[in-house]
Amino acid sequence: MGKTPNWLQMPDEIMGGMIFQRLGAVEILTSVQKVCRNWRRICKDPAMWKVIDMNNRYKGLNTDVYEKLTKQAVHRIRGELIEITLHSFGTDDLLNFISRWYLCSTFFYLPLFSFIIIHAHRQLCENLGEIEVYKILKFVVLFVVLNGNLVRSSSKLKSLCLVKCYSITGNGLVHALRRLPCLETLDLSYISIDAENIKVIGQSCPLLKSFKMKTLFMECDGDAFAIANSMPALRHLQLFDSTITDDGLKALLHGCPHLESLDLSDCSYLELDGDLEKLCRERIKDFNFTPLSEAGCMCGPGGCTAYQDYKLSVSPSLWDFDYHSLSD
Amino acid sequence: MSKKTLTLMSKDKQLFNIEEHLAVQSVTIRNMVKEDGASSVIPLPRVDSETLALVIEYLNRQQAPEEDEDYVKKFVDERGEIPTLLELAQAALDLDIKKLMDAACMKVADLIKDFTLEEVREALRIENDRTPEEEKAIRDEFQWAF
């Protein structure tokens, strides 16, 4: 036809934001960006990579390939990543990569800078005299200090979602989360973490508002106590198929006073004795739990170490519930 | 109230008539009408006549609001050609008809999704404008990750 199509003038935000982003990170990295120069330029824009969703659920590609693609995507956005989802792949190494500090550029400058200063020092002393050299050194010190601050400011990641990442260990996760203090939303489904890990997560991410968990461990109320203990700012909590009992729920009500929604689906050890359900509905706007199928907990509440820790950390005057009468 | 008719002019100088109350679904046209009453012809210098005909077809066959979503979807589904859809998206962007643009973009994304690299190039009539050296540079760029 010979005419230039109008859509070539389409703004990058529309092309990138409305079309490419719908395709997903994997398509962009494996095909879209290779189509032509213009598309590659659009795909390199960090704005495209603020939200990365890597889902290996349907494609079932080699997890190794996925991991490498994720690294590419994360590399594009540097420390500006806001949201990331990993589904059915991922290792501790990848989490480490995602959470690492991204200010190496300033690091690179430092040796260069000091190199120049040291070499210029003799020359300067001869030409400028001591006082002038001091002024310059003051400037250098200021530069280094400022850089030090920059280096400390780590990832801006607000939302992390890990689903069925069986290769990720509790320790690996905790290690990464220590470097993600801005995290507000955390979704850990089918991840093997224990109560101790949860506690550290809570301490590392003080801004955490939304937490969703489906653990592979059977911890009785340990998880709930750890959450109640370490995540006081929580607004939304989902515990699927958890072994939480009434004690754990009471601890949650007490430890997370700001809860707006609580979802306890498939928690078959909950009995909601007495006024507990009423209390929950009063305190929490959106309270959801599926009725229990089978009563009874495999281990008594007194048997969990996390529970003991929890009891010790809560002063008795704040605590209205009597655990011992419940465990009998 | 009499039904006013507006005249739109495409890039290739073809004229299209459309009733004003339908045309003002486009925010761009609405603003033009507000500004100067739009008694004369409204020029649309970036929209070619085939695309403008489609846009007018869309504006004319507007359904009841609750059926609108389905209608837009069906409307873009009938146009399976990616370049046509992109032209439509570009025109909808110029004319500020958000629903049509969203639907067209979504359809393009759906179509491209399962394509291989070569198929995308073919469907969009884009030629690979990179030299072999650039191709190699791209491959090397992320070598560290592999």
Taking segment B:52-79 on its own, how many of its residues are more than 17 Å from residue B:102 (Cβ to Cβ) and either without any contact (Cβ under 8 Å) to a residue 24 or more places away in the chain or under 13 Å from the mean Cα position of the chain (by Cα) (or both)?
7
Name the residue that is most open to solvent (accessible area, probe 1.4 Å), counting only residues in segment A:156-200 that are of a type in the set (Val, Ile, Thr) and either part of a helix (DSSP H, G or I) or in contact with a Leu (Cβ under 9 Å, 6 or more places away or on another chain) (or both).
A:185
Output for Cβ contacts, cut-off 7 Å, separation at least six or different chains, first residue in contact (Cβ under 8 Å) with a residue 24 or more places away in the chain and assigned to a helix (DSSP H, G or I) in segment A:43-54, second open to solvent by less than 60 Å² (accessible area, probe 1.4 Å) and of a type in the set (D, E, K, R), reads A:44/A:76; A:46/A:76; A:49/A:76
Six or more apart or on different chains, Cβ under 6 Å: which pairs go from a residue in segment A:66-82 that's farther than 21 Å from residue A:182 by Cα to one that's of a type in the set (Phe, Trp, Tyr) and at pLDDT below 85? Could you list them?
A:68/B:146; A:72/B:142
Flagged in segment A:209-250 as in a loop (DSSP other than H, G, I, E, B), within 23 Å of residue A:178 (Cβ to Cβ) and of a type in the set (Gly, Ala, Ser), in numbering order, are A:233
Is there any pair linking a residue in segment A:251-268 that is farther than 14 Å from residue A:227 by Cα to one that is β-branched (Val, Ile, Thr) and at pLDDT 90 or above, with Cβ under 7 Å and at least six apart or on different chains, and which?
A:260/A:284; A:261/A:284
Among all residue pairs at least 6 apart or on different chains, which show Cβ distances below 6 Å where the first residue, located in segment B:92-116, is more than 10 Å from chain A (Cβ to nearest Cβ) and the second is surrounded by fewer than 17 Cβ atoms within 10 Å (Cβ to Cβ) and among the aliphatic types (A, V, I, L, M)?
B:96/B:27
Total residues in segment A:167-186, condition over 19 Å from residue A:79 (Cα atoms) and touching a residue at least 40 places away in the same chain (Cβ under 8 Å)
5
Being among the hydrophobic types (A, V, I, L, M, F, W, C) and facing another protein chain (nearest Cβ under 8 Å), is that true of even one residue in segment A:21-30?
yes
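Results for (1) touching a helix residue (DSSP H, G or I) at 6+ places or on another chain (Cβ under 7 Å); (2) among the β-branched types (Val, Ile, Thr), shown as yes or no for each residue.
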site: B:10; (1), (2): yes, no
site: B:36; (1), (2): no, no
site: B:47; (1), (2): yes, yes
site: B:55; (1), (2): yes, yes
site: B:70; (1), (2): no, no
site: B:92; (1), (2): yes, no
site: B:95; (1), (2): yes, no
site: B:115; (1), (2): yes, no
site: B:118; (1), (2): no, no
Segment B:120-140, residues that are within 9 Å of chain A (Cβ to nearest Cβ) and of a type in the set (Asp, Glu):
B:127, B:129, B:134, B:135
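The values are calculated or read from the model by the stated rules, or taken from the named source; none is laboratory data. Keep in mind that what you see is a predicted model, and the values were worked out from it rather than measured. Virtual Cβ from ideal backbone geometry, glycine too; neighbours counted across all protein chains shown. Note: accessible area is taken over every heavy atom of the protein model, side chains too, but ligands, DNA and RNA are not part of it. Shrake-Rupley method; radii C 1.70, N 1.55, O 1.52, S 1.80 Å.
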